[in-house]
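Coordinate-derived values only; no laboratory data. It should be emphasised that the depicted structure is a prediction, and the values quoted were computed from it without experimental measurement. In this analysis, Cβ positions are derived from the backbone assuming ideal geometry, glycine residues included, and neighbour counts consider all displayed protein chains.
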Amino acid sequence: MSFDYDLFVIGGGSGGVRAARTSAQEGAKVALAEEYRLGGTCVIRGCVPKKLMVFASSYAQRMKDAQAYGWDVTPGDFSWPDFRKKLHAELDRLEGVYGRLLDGSDVEVFAQRAKVKDPHTVELADGTTYTAKHILIAVGGHPVRPDIPNADLGLVSNDIFLMEEMPKSVLIIGGGYIACEFACILNGLGVKVTQFYRGAQILRGFDDEARGLIAEQMKAQGIDLHLGTNIVEMAPASHHEERADTEAVMEEPVGLTNIGDKTLGNNPESATSEDAGKPIWVKATNGSEGVFDHVFFATGRTPSVEGLGLEEAGVKLGRRGEIEVDDYSQTSVPSIYAIGDVTGRIELTPVAIREGMAFTETVFKGNPTKPDHELVPSAIFTQPEYGAIGLTEEQARDQEPIEVYATSFKPMNHAFAGRDDRVLMKLIVSQETRKVLGCHIVADDAGEMIQLAGIAVKMGATKEDFDRVCAVHPTMAEELVTMKSPARTS
Ligand code: NDP
């Protein structure tokens, strides 16, 4: 049977674009459909604009540091409109690069939504259909709001980069990667940040000691972090005021005030589109209430499978809506593969890219290849950053007897500037094999450091291998090779 294409990719994010290009380079005839902008979550509304905002937000502290180092500088105001214009020009440039890379690889791009019609047919939004020997789903995921009335009034991560004005106050809901990164970014840009996390400590799943240090430093920087707290109600502040007891409502968006169990009138009416962008009244699980310019939900992401025709075509989905795939990214329909966030494996761009390349090896190079999901390093771009690879102390302790090497100290740069913030360097070592099972770094540029330490950990380096490396002095990272005695064993 002959097909229009050897491969039809649905989704033009990092994973889909890489799979399309590498497959085309192997001689496959490839098409790709993207309904929004080439580059996907990472380039257009995730990692890239987020990291540029991390840089922008770090300058307030840097200017204070510069003063401490003798520079005569006076911090001025941050211009969100100026930054935003430049940010979007950069995203346009990157989108162009992605388009040119696809053109250069002879991938035919359809700038519209596509869905699966049957195991070998794709239907575009304009009704045209194309057949393909293989279909690759790389549509990613999207942020979800919690199921409470008026949740639509809240922003999600996609909206942050498009805001017209920088708010004066914001309430962030969630304690994961996105919540913590944006709490730090907005705080650095001068926004009054309140954060609610329903659990006992932010960044669930990461090393407890690292989580504790990051939470402590976020609070020290002025983030009003409330643990064990969630949002229970929200409404436009204007609706609320109309119905409220006058003494209890705040006039300005000022953040959270604990006013006990005071009753603030009846349930506010549902919001309308006119309420978008106006101050929002919020009630928390602990009874406190407040008014914020924006509420930002960073309460997780979900695979973007709706309306893709997957189940109709026989593709099995998991409990969270993720596409179920085998070790080679093949779905329950042999001609359909899936990579990236839509498969709910590890939601990181570099992982999706590797899954895309493994797909090409498997399908177009006759070399069945499983993407490697073991020992994937990652960084959380909080301030300070957190870089991690391997097991947490808690996970390792449950698995086998370990030694924990850890040091927390004021780095030279901060100490000289009179700052109190500490860094953390931590290695988890197997007592039996001496291998480094986990490495955790909380420090400026921890992302850069963990990329390099990650090579050693991935190679199976032992603590003694680390120790054989001479220190680079004076650096923060030298502690990774100079920690002599375990802080504890278990
Ligand atoms: P996460 O799953 O990391 O965090 C979601 C947070 O929202 C958790 O704290 C969760 O609480 C909380 N939550 C979920 N539902 C509710 C609810 N109904 N009410 C209140 N709180 C709720 O998701 P993110 O969206 O932050 O990030 C998604 C993924 O994107 C990450 O897992 C990561 O893989 C990737 N990412 C990576 C980045 C990086 O590499 N630097 C940056 C950003 C994202 P609980 O812990 O109790 O479940």
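The table below gives the values:
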read-out	value
Positive dipole terminus of the chain, leading residue within Met1, Ala60, Asn413 (C-beta point charges)	Asn413
Positive-pole candidate from Ala284, Ile231, Asn158, dipole of the chain, charges at beta carbon	Asn158
Sites matching GluC sites (Glu not before Pro) across region 368-462 that sit in DSSP coil, with at most 14 neighbouring C-beta atoms within 10 Å	Glu374, Glu432
Using alpha carbons only: equivalent-ellipsoid semi-axes of region 297-339, gyration tensor based, whole Å	20, 13, 8
Span per principal axis, largest first, for the Cα atoms of region 370-436 (Å)	45, 29, 16
For region 34-97: rounded, prolate or oblate by the Cα gyration tensor [a/c cutoff 1.5]	prolate
At most 14 other Cβ within 10 Å, DSSP loop - trypsin sites (Lys or Arg not before Pro), region 141-217	Arg204
Relative exposure of Lys426, Lys283, Lys316, judged by other C-beta atoms within 10 Å (fewest first)	Lys316, Lys283, Lys426
Taking all pairs of distinct alpha-carbon atoms in region 1-73, Kirkwood radius in angstrom	15.4
Sorted by Cβ neighbour density within 10 Å, fewest at the top, the residues Met53, Met166	Met166, Met53
Ratio Rg/Rh [Cα only; Rh per Kirkwood] for region 1-146	1.18
Cβ crowding within 10 Å averaged over residues, with 58-71, 342-355, 90-103 ranked highest first	342-355, 90-103, 58-71
Net dipole in debye of region 396-435 [+1 Lys, Arg Cβ; -1 Asp, Glu Cβ; about Cα centre; nearest 20]	180
Region 402-444 pair-distance distribution - Cα-Cα, 10 Å bins, rounded %	29, 38, 22, 10, 1
Net dipole in debye of the chain [+1 Lys, Arg Cβ; -1 Asp, Glu Cβ; about Cα centre; nearest 20]	980
Above-threshold pairs, the threshold being 22 Å between Cα atoms, out of Lys435/Lys458; Lys51/Lys115; Lys64/Lys85; Lys51/Lys435; Lys50/Lys85; Lys192/Lys219	Lys51/Lys115; Lys64/Lys85; Lys51/Lys435
Global size of the chain as Cα Rg and Dmax, reported in angstrom	24.7, 76
Base-10 log of normalised Debye intensity for region 125-222 (one unit scatterer per alpha-carbon) at q = 0.10, 0.17, 0.24 Å⁻¹	-0.41, -0.86, -1.41
Surrounding net charge for Ala396, when Lys and Arg each add one and Asp and Glu each subtract one, Cβ distance under 15 Å	-4
Trypsin sites (Lys or Arg not before Pro) restricted to region 457-486 and DSSP loop, no more than 10 other C-beta within 10 Å	Lys484
Ratio of Rg to Rh over region 339-490 (Cα coordinates, Kirkwood Rh, two decimals)	1.04
Ranked Thr462, Thr41, criterion: other C-beta atoms within 10 Å, fewest first	Thr462, Thr41
For region 314-409, the fraction of alpha-carbon pairs in successive 5 Å shells from zero, as %	2, 11, 17, 17, 15, 13, 11, 8, 4, 1, 0, 0
Size of charge dipole - region 68-203 - debye, nearest 20, with Cβ of Lys, Arg +1 and Asp, Glu -1, no other charges	340
The chain, helix-only ellipticity at 222 nm - DSSP H runs n ≥ 4, -39,500 (n - 2.57), divided by all residues, nearest 500	-9500 deg cm²/dmol
Cα-based shape type of region 323-374, given that a ≥ b ≥ c are square roots of the gyration tensor eigenvalues and the cut on a/c is 1.5	oblate
